[in-house]
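Enquirer: Dumping the structure here so I can ask a few things about it.
The values are calculated or read from the model by the stated rules, or taken from the named source; none is laboratory data. The structure presented is a predicted model; accordingly, all values stated were derived computationally and were not measured. FYI the Cβ positions are ideal-geometry reconstructions off the backbone, even for glycines, and counts take in every protein chain you see. Only protein heavy atoms, including side chains, enter the accessible area calculation; ligands, DNA and RNA are left aside. Shrake-Rupley method; radii C 1.70, N 1.55, O 1.52, S 1.80 Å.
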Amino acid sequence: STMRERKTTDPLHLSTDLSEGKEKLRLKQEVGLISGVSLIAGTMIGSGIFMSPEWVLHHMGNPASSLLIWAACGLLATFGALSYAELGTIIKESGGEYIYILRIFGSFPAFLFAYTSVILVRPAGLAAVCLSFAEYAIAPFYPGCSSPQVAIKCTAAACILILTIINCLNVRLATSVMNIFTAAKLLALLVIVVGGLVLLAKGQTQSFQNGFQGTTAGIGAVGAAFYQGLWSYDGWNNLNYVTEELKKPEVTLPRALMIAIPLVTCLYLLVNVSYLAAMTPSELLSSGAVAVTWGDKVLGSWAWLISLSVALSTFGSSNGTFFSGGRVCYIAAREGHMPDILSMAHVRCLTPSPALLFTSAMSLIMIISGSFTSIVNFFSFMAWFFYGMTISGLLYLKIKKPELPRSYKVPIIIPIIVLMAAVYLVLAPIIDQPQVEILYIVLFIFSGIIFYFPLVRFKYHPRFLERVTLQLQLLLEVAPTTKDAN
């Protein structure tokens, strides 16, 4: 059948391949600790730290309170990741929020998440990062004027197509690209940090005098500042999407999270201090691209290095987003919530190529139809809605099923704090500045009901879709996969 209903049994009780007496495909366990840290840090450090500081400062009104927002965002990302680490050691399956919602709350809410995530949220995140990559990559070719939209969108589309080829060919190739680009972007951030420390040593501290003067206290302004800051931290949950591809997931998952997120938080704070040492708050606010302005002031003729670094950084980040985003589509199809073809893997490359191709196609549509800012705003709202639902699932397991085996436990106060933050981030923009776009998002989420009941609940499968699936299977050289029974 084109879409299949799977039993939601614990993966520990699934039969092994050998007992079935036939060989089946499964994704390779290629992601170790270094690649895990690179996947998290490499996805988190994208365009945000080079674009968002001016917006956080704009919403908060002064340097000191904006630095507090950056620290609070890092703490919230750390708390969220630690909560996800416990979920990942209880439910050792790939798929992130999708698989946790499925196992805890059941099929219907999981389908709504998969439907929203696969068609909108993940492609939107990828499109936003690729658009920002394109802006920095082609900026040197249009000195003194803004780049044409056609050139930006064509470059972003080319970026997605290159990522599709890399990720479809080989998991190890994709993780190698991630590791190389993560090292490059960490080096770029260290240059900014060292430059800032030199400026502070020379006494350029005027931005930090009377640091809290003029702080904004509105609920909406603080929420908007958090959205901009958290966009820079997004990616803290990416390792949970590839749990089945981790070597020793019960050890690697918590350890990689505890290394990557505090590292990124410290870097972000130091980079913000460096920006404020190099320019006054008013200069920072009037800057179109903070990192480039910093480069012009501090590096002089070497300022082009910053543009290159941002382009490399955003390319590496988009690779991490693509790597994990394709897995959501693949896992949802494997559980019967998406067309069967999306649950298959290439017979030689052992990558979920149909799911990756579908994610690529949806991202290309987003690039053609949307802009960077519009995509980011609705991405943040939807992401924190589902983060909140997932964290409430962890609280349910901690209270109702404490006997479940888990190799890592997070103190219950941590997921409670994350849930409260998620509720605030979802409700603050609705209460303070209600927008019609949020209504459209909610309507889209619940439009999934139209597809769920006939296709999943009542298993209505048109015959022509079976023929299409078979033809696509032959064309793409893919076959069904099995779960890891370990």
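Enquirer: I'm told residue 480 meets every condition in (1) modelled with pLDDT under 85; (2) touching a strand residue (DSSP E or B) at 6+ places or on another chain (Cβ under 8 Å); (3) over 21 Å from residue 111 (Cβ atoms); (4) not aromatic (Phe, Trp, Tyr) except one. Can you identify the failing condition by its number?
Expert: The failed condition is (3).
Enquirer: Right, here's the next one. Among the residues in region 364-375, are any buried (at least 19 other Cβ atoms within 10 Å of the Cβ), within 19 Å of the chain's Cα centre (by Cα) and modelled with pLDDT of 90 or more?
Expert: Scanning region 364-375, I find at least one residue that is buried (at least 19 other Cβ atoms within 10 Å of the Cβ), within 19 Å of the chain's Cα centre (by Cα) and modelled with pLDDT of 90 or more, so the answer is yes.
Enquirer: Could you check region 75-96 and list, in sequence order, the residues that are open to solvent by less than 10 Å² (accessible area, probe 1.4 Å) and charged (D, E, K, R)?
Expert: Correct list: 86, 93.
Enquirer: Would you confirm whether any residue within region 102-115 is among the charged types (D, E, K, R), open to solvent by 10 Å² or more (accessible area, probe 1.4 Å) and at pLDDT below 85?
Expert: no
Enquirer: Taking region 229-280 as the region of interest, how many residues are under 18 Å from residue 83 (Cα atoms), surrounded by fewer than 19 Cβ atoms within 10 Å (Cβ to Cβ) and of a type outside the set (A, V, I, L, M, F, W, C)?
Expert: 3
Enquirer: Also, I was wondering about something else. Could you say whether any residue in region 308-327 is closer than 20 Å to residue 134 by Cβ, over 19 Å from the mean Cα position of the chain (by Cα) and either at pLDDT 80 or above or surrounded by fewer than 22 Cβ atoms within 10 Å (Cβ to Cβ) (or both)?
Expert: To start, the set of residues in region 308-327 that are closer than 20 Å to residue 134 by Cβ comprises 308-323, 325.
Restricting the remaining residues to those that are over 19 Å from the mean Cα position of the chain (by Cα) gives 308-309.
Add one more test, that the residue is either at pLDDT 80 or above or surrounded by fewer than 22 Cβ atoms within 10 Å (Cβ to Cβ) (or both), and what stays is 308-309.
Yes, there is a match, as at least one residue in region 308-327 is closer than 20 Å to residue 134 by Cβ, over 19 Å from the mean Cα position of the chain (by Cα) and either at pLDDT 80 or above or surrounded by fewer than 22 Cβ atoms within 10 Å (Cβ to Cβ) (or both).
Enquirer: May I pose another question? Please go through (1) surrounded by 12 or more Cβ atoms within 10 Å (Cβ to Cβ); (2) of a type in the set (A, V, I, L, M, F, W, C); (3) in a helix (DSSP H, G or I) for residue 410 and return the number of the only condition it doesn't satisfy.
Expert: Residue 410 satisfies every listed condition except (3).
Enquirer: So, one more: Since residue 190 meets every condition but one in (1) within 19 Å of residue 306 (Cβ to Cβ); (2) of a type outside the set (Asp, Glu); (3) modelled with pLDDT under 80, which condition does it not meet?
Expert: (3)
Enquirer: Which one is farthest from the chain's Cα centre (by Cα), of the residues in region 26-74 that are at pLDDT below 75 and open to solvent by 40 Å² or more (accessible area, probe 1.4 Å)?
Expert: Among residues in region 26-74 that are at pLDDT below 75 and open to solvent by 40 Å² or more (accessible area, probe 1.4 Å), the one farthest from the chain's Cα centre (by Cα) is 26.
Matching residues to (1) part of a helix (DSSP H, G or I); (2) of a type outside the set (Ser, Thr, Tyr); (3) touching a residue at least 12 places away in the same chain (Cβ under 8 Å):
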residue	(1), (2), (3)
363	yes, no, yes
388	yes, yes, yes
416	yes, yes, yes
425	yes, yes, yes
428	yes, yes, yes
434	no, yes, no
460	no, no, no
